[in-house]
Amino acid sequence: MWLVAVSIPLLPAVLVASTVYGAKVAALCRRLLSWLQRLTRGKVCVRSTHAYVFTNCTHGKVVSVLETFDLYNRTHPHLCVSPQAAAALDEAVRRTRPSLVLELGTHCGYSSVRMLHLLPPGGKLITVEQDPVTADLGEEIILVSNFKHDQFQVLTSSSAEAMPKLRSLIGVNGKRSWAEGPGEGFSLVLMDHDAQQYLPDLLALEREELLNVSGCSILLISRKRGAEDIAGVLGHVRTRAESYCVMSDLQCVVEIFYQKKTRGVSR
Ligand SMILES: C[S@@+](CC[C@H](N)C(=O)[O-])C[C@H]1O[C@@H](n2cnc3c(N)ncnc32)[C@H](O)[C@@H]1O
C-alpha cells in the first residue's frame, strides 16, 4: 500500500522520462538482448555441433568426420563454412599445396579438418581460437580425425594477441621451431573469425613478415555482417597493387594473393 502511495507522485516524472528517453532505453534493451542471444547461441552451437560429430562419426576416419559435419550442417544452425566456401577452400589448398597454413577462427574444427585432409605431406596448420572452451572442443575433433600434434597446433588466443607469438612458433628467419620448416611464413591463410579484425590482422601479418614472400593466398570468409570489413580489405589491396591481387570475389569467400615485391622479379 505504501508503495502505491509513494509511486503516485512519481508517475508524471516517470511518464515524462519514458516519453523522452523511452526509445533510447528500448533500443538499449534490444541491443543487450541480441548481444546475449548471440553469446549463448555461439556456445550452444559449438557444444551441440561437437557433441553430434563426436558421437556420430567413426573415430580415426577423417572422411567420416567431414561427412558427419555435413550431415549436421544440413539440418541445424551452425557456424561452419558454407558448402560453397568449403569447395573454394578445398580448391585453394589443392592449388597452392601450402607447407604452412594459418587459420583464424577454429570453432569446431570443420575447416581445420578439411584443410589438414588436403595438405601435402609435411604440411602443417596453426589454428587460432579465442574462446578456450571452443578451442578445446575444436582440438578434440581434429584429434578424432586422426591428425597428430606434429601436424597442427591450436593456439588459444585472440588473433591480435596471437600475431606476435606466431613468429617464434613458425621459426621465421630460419630458427628451428615447432614447425621445423625453412622459416618461410604462411603460404595459405584462412580468416573466418571476426570480419572487423580482417584488415588489422592482415596488416599485422605483413608487419610481422609472417606471409610467405614468394606467395600467400588469403581467403576471407564473408558472412552477413562482414561486407563493409571485406570492402576495407579490398581497399587496402587496391592501394598495394604491387604486392596484392584479387584472385576471386565470390559471395561467400574472397581470395587475395600476396607476394612481396622484390626488385627484378615480376609476378
Ligand atoms: C565462424 S566461426 C569459424 C568456423 C570455422 N572456420 C569452421 O568452418 O568450422 C568463428 C570462430 O572465430 C572465433 N573468433 C571470433 N573472433 C576471434 C578473434 N578475434 N580471434 C580468434 N578467434 C576469434 C569464434 O570464437 C568462433 O569460434
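Listing for the model above:
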item	result
Greater than 28 Å apart at Cα, pairs in 61/260; 165/261; 165/224; 24/224; 224/260	61/260; 165/224; 224/260
Cut-off under 5 Å, modelled amide H: who pairs with residue 193 long-range	none
Rel. contact order, % - alpha carbon contacts under 8 angstrom, at least six apart, the stretch 62-258	18
Nonlocal amide H pairs with residue 253, under 5 Å, H built at 1.01 Å	222
FRET efficiency, residue 133 to residue 252 (Cβ-Cβ, R0 25 Å, nearest 0.05)	0.40
Vicinal HN-Hα couplings computed from phi for the stretch 107-114 (Karplus, 6.51 cos²θ - 1.76 cosθ + 1.60; Hz; Gly/Pro x)	6, 8, x, 4, 5, 4, 5, 4
Karplus-derived HN-Hα couplings along the stretch 93-101 (A = 6.51, B = -1.76, C = 1.60, θ = phi - 60°), whole Hz, x at Gly and Pro	5, 4, 6, 8, 6, x, 8, 9, 10
5 angstrom amide H check on residue 125, placed H, neighbours 5+ away	101, 152, 153
Per-peptide average of other Cβ atoms within 10 Å, ordering 75-85, 207-217, 93-103 highest first	93-103, 207-217, 75-85
Per-residue HN-Hα couplings for the stretch 187-194 [Karplus 6.51, -1.76, 1.60; θ = phi - 60°; Hz; x = Gly/Pro]	9, 8, 10, 10, 9, 9, 10, 9
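Every number here is computed from the coordinates shown, using simple stated rules; none is lab data. Only a predicted model underlies this, so the values are computations on that prediction, with no experimental measurement involved. Cβ sites come from the backbone with ideal geometry, for glycine too, and all protein chains shown count toward neighbours.
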